[in-house]
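First up is the structure itself, then whatever we jot down about it.
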Amino acid sequence: MKVDLTQMLIVFDEIIAPFTNEEQGIYWFRTTRADNLIITFSFSIYENYVGILVRNSSDTVIASVSMKNCFEIRVLDEHKKCIEVVHDNSPGRCFLALASDDILEYTE
């Protein structure tokens, strides 16, 4: 899977060290918004999957998306914190806007 890790480090507040394993190509990122929503973004470069969790400060998951067979993670706008996850041979697309009211959108 294609991903620019430098851009991901700019968009998210932190990399979650205990879960990230660079040798296996597994990365976990987290950001906390001003409204206390916590967005966790994980992916595997070699296994081509992405997981997204949106939760509040009391650890109640509000939304969760898991995607398999991902082709690329694109940072569309570093300042607005917009990310797109796309598949190679299927129409699935996930759009994540960390600083927006519409945080997560998945379309096929």
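Quick notes
- Loop-resident GluC sites (Glu not before Pro) (DSSP state other than H, G, I, E or B) in the stretch 1-63 with no more than 16 further Cβ atoms inside 10 Å of their Cβ: GLU22, GLU23, GLU47.
- Ascending count of other beta-carbon atoms within 10 Å, so fewest first, for TYR49, TYR27, TYR106: TYR106, TYR49, TYR27
- Applied to the stretch 83-99, the Karplus parametrisation 6.51 cos²θ - 1.76 cosθ + 1.60 on θ = phi - 60° returns per-residue 3J(HN,Hα) values of 10, 10, 10, 10, 9, 7, 10, 9, x, x, 8, 10, 10, 10, 10, 5, 9 Hz, with x for Gly and Pro.
- Between ALA63 and ASN89, the simple label model (points 7 Å from Cα in the Cβ direction) yields a spacing of 2.9 nm.
- Residues whose amide H lies under 5 Å from that of ILE62, counting only those 5 or more places away or on a different chain, are VAL54, ARG55, ASN56; hydrogens are built 1.01 Å from N in the peptide plane.
- Applying a DSSP loop filter and a limit of 16 other Cβ atoms within 10 Å to the trypsin sites (Lys or Arg not before Pro) in the stretch 1-99 leaves ARG33, LYS68, LYS80.
- Taking every alpha-carbon pair under 8 Å whose residues sit at least 6 apart, the stretch 5-107 reaches a relative contact order of 16 percent.
- Centre separation in Å (Cα based) which lies between the stretch 1-40 and the stretch 62-108: 14 Å
- The chain - Debye-derived log10 I(q)/I(0), Cα point model, q = 0.17 Å⁻¹: -0.76
Quick note: the coordinates plus some simple rules give every number you see, no bench work behind them. All of these numbers come straight from a predicted model, not from anything done at the bench. Quick reminder, even Gly has a Cβ in these numbers, built from the backbone with ideal geometry, and neighbours come from all protein chains shown.
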